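Below is one structure, written out as structure tokens, with a few remarks after it.
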Amino acid sequence: MRSVLLSLVLAMLVPIAPAAAQPATARPAATPTATKSSPPGPGRKAPKLKVRTVVSQLDHPWDVRSLPGGALLFTQRDRATLSVFRKGHVRRVKFPSSSVWVSGETGLMGLEVDPGFTKNRRIYTCQGGFTGNGGHDVHVTAWTLDKRLKRAKLDRELVGGFPTTSGRHGGCRLIVTSDGSLLVGTGDAATGTNPEDLDSLGGKTLRLDRFTGAPWPANPFVNQDGPRRYVHTYGHRNVQGVTERADGTLWSIEQGTNRDDEVNRLVNGGDYGYNPVPGYNESVPMTDQSLPGHQVRARWSSGNPTLATSGGSFVDGKKWGSLDGALAVACLKASRVVFLTFNAKGKLRKARTPAVLQQYGRIRQVVQSANGDLLVTTDNGGGQDKILRVTPR
């Protein structure tokens with residue numbers, strides 16, 4: 001079955017005609033990043049894409065958001081910096097970088113801007129940190145950003161205790177959903193028991209109140225004791241992307257082992273079937289249907305080999321033609337962006353890989369800015385990374 005699926009996916013990866021990349025001076029529109037889109041419509045062509053470099057000389061920019069007024073706010077994982085790009089210049093925000101635990105794939109990672117940012121100035125980060133017993137974890141923190149975009153003031157840690165080992169599989173992506181919850185995707189810390197253990201917050205998606213940090217009232221285990229109150233879905237390996245479709249469905253993007261990266265439509269309380277035991281046995285299926293109970297099948301799988309999928313966002317807007325409503329997925333190892341079109345029932349219809357987005361090396365994140373363009377971050381390291389703006393034309 002996996003080989004059949006791989007053949008189907010490879011056959012569907014149709015390049016879109018390239019457009020020349022040019023230097024950029026334009027900035028994103030003046031509202032927080034859009035993350036929702038309409039299901040795709042028939043009978044339209046895919047647009048040509050113009051790619052411009054907005055910011056360069058970065059190191060592992062892990063996430064990016066647009067702010068009111070046109071500025072960009074972004075994290076750099078290994079430098080553990082929060083920075084603003086505005087009017088052609090990059091400036092570091094005063095932020096406690098020394099409190100961020102940086103190791104392997106963990107550091108200053110996911111970023112989200114509150115929908116009410118203009119009034120409340122709130123932003124959210126997911127980051128490695130140090131615990132009181134000399135250990136470390138991954139946690140989600142709320143901050144307030146001053147009006148001059150110079151200082152991030154700690155509001156509170158919303159939820160923490162996500163497991164860590166060497167820093168491998170640290171997750172961690174964030175979005176505020178249309179119902180106001182904060183959705184968090186976590187990694188399993190390369191520990192075999194974590195994904196299926198409801199009392200571990202590793203290998204999960206979590207939902208919580210973004211103001212208080214309390215578990216979201218609709219969570220499936222909210223009336224039980226312990227960390228499981230936060231769990232929305234479980235049985236994941238390393239959730240690198242979370243996003244919401246216009247129909248209100250929540251989706252995740254997950255890295256596979258040596259095979260089967262996955263895109264999943266999230267079902268409250270769903271088990272996504274990764275159970276790499278004994279030890280950390282990465283030869284097991286990403287979605288193991290032999291486990292007790294029901295395991296939710298992926299909506300898309302890369303087959304073998306993987307693309308090393310990372311962040312992503314549904315694309316919204318008529319100017320995107322046949323890509324309107326598609327899920328744009330960043331790929332690290334495969335150095336591309338894949339646009340996956342699903343029908344209203346969530347069945348894969350088409351996959352496309354624009355050639356113009358295969359020129360920048362590893363791609364970490366794709367998000368849509370408020371004017372409809374895509375913001376893309378690269379992940380090559382060594383101070384060679386960029387934030388790109390992709391415009392359909």
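Working only within the stretch 342-393, note down all residues that are over 20 Å from Gly321 (Cβ atoms) and small (Gly, Ala, Ser).
Of everything in the stretch 342-393, those that are over 20 Å from Gly321 (Cβ atoms) and small (Gly, Ala, Ser) turn out to be Gly346, Gly361, Gly381, Gly382, Gly383.
So is Thr391 outside any loop (DSSP other than H, G, I, E, B) and under 18 Å from Arg52 (Cβ atoms) or not? Before the answer, list the steps.
Values: outside any loop (DSSP other than H, G, I, E, B): yes; under 18 Å from Arg52 (Cβ atoms): yes.
Criteria met by Thr391.
Would you confirm whether or not the stretch 344-367 contains a residue that is within 23 Å of Pro68 (Cα to Cα) and surrounded by fewer than 17 Cβ atoms within 10 Å (Cβ to Cβ)?
no
Condition check: surrounded by fewer than 17 Cβ atoms within 10 Å (Cβ to Cβ) and either touching a Phe, Trp or Tyr at 6+ places or on another chain (Cβ under 6 Å) or over 23 Å from Gln368 (Cα atoms) (or both). Does Gly69 satisfy that?
Spelling it out, it is not the case that Gly69 is surrounded by fewer than 17 Cβ atoms within 10 Å (Cβ to Cβ) and either touching a Phe, Trp or Tyr at 6+ places or on another chain (Cβ under 6 Å) or over 23 Å from Gln368 (Cα atoms) (or both).
When you look at Arg92, is it of a type in the set (D, E, K, R), touching a residue at least 12 places away in the same chain (Cβ under 8 Å), on the phi < 0 side of the Ramachandran plot and surrounded by fewer than 19 Cβ atoms within 10 Å (Cβ to Cβ), yes or no? Break it down stepwise before answering.
Working: of a type in the set (D, E, K, R): yes; touching a residue at least 12 places away in the same chain (Cβ under 8 Å): no; on the phi < 0 side of the Ramachandran plot: yes; surrounded by fewer than 19 Cβ atoms within 10 Å (Cβ to Cβ): yes.
Judged against the criteria, Arg92 is not a match.
Let's see how each residue does on (1) part of a loop (DSSP other than H, G, I, E, B); (2) small (Gly, Ala, Ser); (3) in contact with a Lys or Arg (Cβ under 9 Å, 6 or more places away or on another chain); (4) modelled with pLDDT under 95:
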{"position": "Leu10", "(1), (2), (3), (4)": "no, no, no, yes"}
{"position": "Ile16", "(1), (2), (3), (4)": "yes, no, yes, yes"}
{"position": "Thr31", "(1), (2), (3), (4)": "yes, no, no, yes"}
{"position": "Pro40", "(1), (2), (3), (4)": "yes, no, yes, yes"}
{"position": "Gly43", "(1), (2), (3), (4)": "yes, yes, no, yes"}
{"position": "Val55", "(1), (2), (3), (4)": "no, no, yes, no"}
{"position": "Val84", "(1), (2), (3), (4)": "no, no, yes, no"}
{"position": "Val90", "(1), (2), (3), (4)": "no, no, no, no"}
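What are the residues in the stretch 233-264 that are of a type outside the set (S, T, N, Q) and more than 16 Å from the chain's Cα centre (by Cα), if any?
Hits for the stretch 233-264 are Tyr234, Gly235, Ala246, Asp247, Gly248, Arg259, Asp260.
Under 7 Å between Cβ atoms, at least 6 apart or on separate chains: pull out the pairs that start in the stretch 185-207 with a residue that is farther than 15 Å from His232 by Cα and surrounded by fewer than 22 Cβ atoms within 10 Å (Cβ to Cβ) and end on any residue that is at pLDDT 95 or above and of a type in the set (Lys, Arg).
Filtered contacts from the stretch 185-207: no entries.
So for the stretch 216-230 (the condition being hydroxyl-bearing (Ser, Thr, Tyr) and touching a Lys or Arg at 6+ places or on another chain (Cβ under 8 Å)), does at least one residue qualify? Working first, answer last.
If we filter the stretch 216-230 for residues that are hydroxyl-bearing (Ser, Thr, Tyr), which is where we start, we get 230.
Now narrow it down to the ones that are touching a Lys or Arg at 6+ places or on another chain (Cβ under 8 Å): 230.
Checking the stretch 216-230: at least one residue is hydroxyl-bearing (Ser, Thr, Tyr) and touching a Lys or Arg at 6+ places or on another chain (Cβ under 8 Å).
Would you check if there is a residue in the stretch 268-284 being within 30 Å of Val64 (Cα to Cα), surrounded by 24 or more Cβ atoms within 10 Å (Cβ to Cβ) and of a type outside the set (A, V, I, L, M, F, W, C)?
Filtering the stretch 268-284 for residues within 30 Å of Val64 (Cα to Cα) gives 268-272, 274.
Narrowing the set further to residues that are surrounded by 24 or more Cβ atoms within 10 Å (Cβ to Cβ) leaves 272, 274.
If we keep only those that are of a type outside the set (A, V, I, L, M, F, W, C) as well, we get 272, 274.
Yes: one or more hits.
Would you please list the contacts, defined by Cβ atoms under 8 Å and residues six or more apart or on different chains, that run from a residue in the stretch 96-118 that is more than 11 Å from Gly129 (Cβ to Cβ) to a residue that is assigned to a helix (DSSP H, G or I)?
The qualifying pairs are Asp114/Asn120.
Output the residue which, of all residues in the stretch 324-355 that are in a loop (DSSP other than H, G, I, E, B) and of a type in the set (Gly, Ala, Ser), is nearest to Asp379 (Cα to Cα).
Filtering first and then ranking leaves Ser335.
Would it be correct to say that Thr131 is farther than 27 Å from Ala218 by Cα and more than 15 Å from the chain's Cα centre (by Cα)? If you could, list the steps in order and put the result at the bottom.
Working: farther than 27 Å from Ala218 by Cα: yes; more than 15 Å from the chain's Cα centre (by Cα): yes.
Yes.
The values are calculated or read from the model by the stated rules, or taken from the named source; none is laboratory data. Given the structure is predicted, the values throughout are model-derived calculations rather than measurements. When we count neighbours, we look across all protein chains shown, and the Cβ atoms used for this are built from the backbone with ideal geometry, even at glycine.
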